[in-house]
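S.K.: Take this structure first; my questions come after.
The values are calculated or read from the model by the stated rules, or taken from the named source; none is laboratory data. Quick caveat: nothing in here was measured; it's all calculated off a predicted structure. Cβ coordinates were reconstructed from backbone atoms using ideal geometry, including for glycine residues, and neighbour counts include every protein chain displayed. Surface areas here come from the heavy atoms of the whole protein model, side chains and all, with no ligands, DNA or RNA. Shrake-Rupley method; radii C 1.70, N 1.55, O 1.52, S 1.80 Å.
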Amino acid sequence: MSRTRTALLAAMALVAGATGTAFAVDPGNAGIAAVPCTVDYKIQNQWSTGFTAAVTLTNNSAAKSSWSLKWSYAGDQKVTSGWNAKISQSGAAVTAANEAYNGQLATGGSVSFGFQGSYSGSNAIPATFTLDGVTCNVDGGGGPTDPPDPGGPSTRVNNPYEGAKVYVNPEWSANAAAEPGGSRVANQPTGIWLDRIAAINGSGGKMGLRDHLDEALRQKGSGELVVQFVIYNLPGRDCSALASNGELKADEIGRYKTEYIDPIKAILADPKYASLRIVTTVEIDSLPNLVTNTGSRPTAVPQCDVMKANGNYVKGVGYALNKLGDVPNVYNYVDAGHHGWIGWDDNFGPTATIMKEAATAEGATVNDVHGFITNTANYSALKENNFTIDDTVAGKSVRESKWVDWNRYLDELSYAQAFRSRLVSAGFDSNIGMLIDTSRNGWGGTARPTGPGATTSVDTYVDGGRYDRRFNAGNWCNQSGAGLGERPKAAPAAGIDAYVWMKPPGESDGASKQIPNDEGKGFDRMCDPTYTGNPRNNNNMSGALPDAPLSGHWFSAQFRQLMQNAYPPLS
């Protein structure tokens, strides 16, 4: 999905910004005239005989009620199927016309569509595009006014984890190895959390972004390597959870852009790192909050209403996707909550909708999204094997049990696969892949059930058989009894790009009591083992471990318990 160069046929062209959009210069006027339309044509994935492409058309002329975009191929490319446009081909000439639902194209408005094709030999990007007969833009061919794209024609693969090693953070590895038995997992890859501006250059003696990328190049050797970063510093961050509140105030979207995202983008775009596959997990626990914790819902939080009203979660995510998506070897995965948060009917669809809104904000398009991640830093079981959502016990559906509570999903795998389909229906690319964070959802040890519970009632049946031993699926902080889950692996199930350990096991979710700090982190009662709960966890006990440090700090007691309860067990 590398960004391509665009230029208008004119006496001169000025390349404007990282998106490759160009403006024509009128030789008789020193001013800059807007081009009538621009086209961003991206080859997303390419293999020996085929490819997928994504096209974003922006209309800079009068508003349209219908549109028709045309181009011709120089080679033998053939469009075999498409989506979000009616695509036809005659010889080398291709026409993409609007569907009934996307014909309106306002001045300055954009529309995106995609297709799959076949080819042999070269797969050159089309030279000229016309919108309703008017020339939009052409590939500039690397002339003096159109500098070469440093990423090349296409550097992304369909699944970055396939055929690649994944970066082992030496700082986390050292903490893990220092624990008794920790050497058994110290070589596992984990995510690096860029949770404040200072983390970009490193603070408190910790490695910065460049340090990790340089070490990733060393670990890479001659093969492929994925390095994983969590982009996590929105203004008003985590509006419903005080433990991980961030440094930026609710209205500091400007600082987020210029002091956080822009410097990260500049480092990731350094050609020195072009050979790495860089996975970014974009802003966990943000967009779902705008659905579940706002308005008249009993779970509403005033700060989440503020963030919904000012739009800075949507703007911030859109800006991050746009800027980071310009880097040809970056793969953006947007956080999609977890089944115990989004799995209900009134959350599922609206969450997909707001993700589409964010993915088309601040210059971003759906093509800047490579996939989504679920269960980040959470504990939801990967697969519940002892009962199904369709089971009935004592005349009641499993959905009526106190644990399931009318949710449509029992576990993360079923949720991630279903939500992927819903996202495609919302307009995301049909090739998006899902990641599932399995760092702490193993739920092994002696408490792991070996079969269904008693059939005396639907609650005894579910509670006796479920692997997830939390008091409630809304509990999220340093959960007692949890274990390491499936080890990171590529392409483990349909639609799933990888199981990952995005949350480094042993790093605290939040302090169990108030701890003064200069990291912008507050105290959340959900991290207090004595807390009796709130509407977001159906007023259950928090289930948190005692004596926890600040979020992100090493929590030895938790790490030892995670190893003890690992499933699959550690050898």
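S.K.: Among LEU242, ILE231, LEU217, whose Cα sits farthest toward the positive end of the charge dipole of the stretch 216-256 (+1 at Cβ of Lys/Arg, -1 at Cβ of Asp/Glu, about the Cα centre)?
M.R.: Of the candidates, LEU217 comes out farthest on the positive side.
S.K.: Here's a follow-up. Name the aspartates and glutamates eligible as straight-distance cross-link partners of LYS489: C-alpha to C-alpha under 18 Å, and not fewer than 8 places from it in the same chain.
M.R.: Candidates past the 8-residue exclusion: GLU162, GLU224, GLU412, ASP437, ASP497.
S.K.: What part of the accessible area of the chain, given as a whole %, is carbon or sulfur when the probe is 1.4 angstrom?
M.R.: Reported share for carbon and sulfur atoms: 52 percent.
S.K.: For SER414, SER425, give me the order by solvent-accessible area with a 1.4 Å probe, most accessible first, ignoring ligands, DNA and RNA.
M.R.: SER425, SER414
S.K.: Please work out how much accessible surface ARG525 shows to a 1.4 Å probe, ignoring ligands, DNA and RNA, in Å² rounded to 10.
M.R.: Number for this one is 100 Å².
S.K.: Measure up LYS165/LYS265; LYS249/LYS513; LYS42/LYS70 against 18 Å on the Cα-Cα distance and list the ones that go over.
M.R.: Details: LYS165/LYS265 23 Å; LYS249/LYS513 23 Å; LYS42/LYS70 15 Å.
Distance filter (> 18 Å) returns LYS165/LYS265; LYS249/LYS513.
S.K.: Okay, next question. Treat every Asp and Glu Cβ in the chain as -1 and every Lys and Arg Cβ as +1, leave all other atoms uncharged, and give the resulting dipole magnitude about the Cα centre to the nearest 20 debye.
M.R.: So the dipole magnitude of the chain works out to roughly 480 debye.
S.K.: Please list, ordered by chain and number, the residues whose modelled amide H lies under 5 Å from the amide H of VAL334; skip anything fewer than 5 residues away on the same chain.
M.R.: Result for VAL334 returns VAL282, GLY371, PHE372, ILE373.
S.K.: Another question, then. Along the stretch 194-202, what does the Karplus equation 6.51 cos²θ - 1.76 cosθ + 1.60 (θ = phi - 60°) give for ³J(HN,Hα), rounded to whole Hz, x for Gly and Pro?
M.R.: 8, 9, 6, 4, 5, 5, 5, 9, x
S.K.: Summing +1 for each Lys or Arg and -1 for each Asp or Glu, what net charge is found among the other residues whose Cβ lies under 11 Å from the Cβ of VAL334? Could the numbers behind the result be given before it?
M.R.: Working: positive: LYS356; negative: GLU283, ASP335, ASP368.
Once positives and negatives cancel, what remains is -2.
S.K.: Under 5 Å between amide H atoms, partner at least 5 residues away or on a different chain: which partners does ASP497 have, H built in plane at 1.01 Å?
M.R.: MET434, LEU435
S.K.: Another one. When the dipole is taken about the Cα centre of the stretch 493-571, and only Lys, Arg (+1) and Asp, Glu (-1) are charged at their Cβ, what size is it in debye, to the nearest 20?
M.R.: 200 debye
S.K.: In addition: Which is farthest toward the positive dipole end of the chain among ALA274, GLY103, ASN158, measuring Cα position about the Cα centre, with Cβ charges +1 (Lys, Arg) and -1 (Asp, Glu)?
M.R.: ASN158
S.K.: Further question: Using semi-axes √(5λ) of the Cα gyration tensor in Å as the read-out, say which of (1) 43, 26, 23; (2) 48, 27, 21; (3) 39, 30, 22 was calculated from these coordinates.
M.R.: (1)
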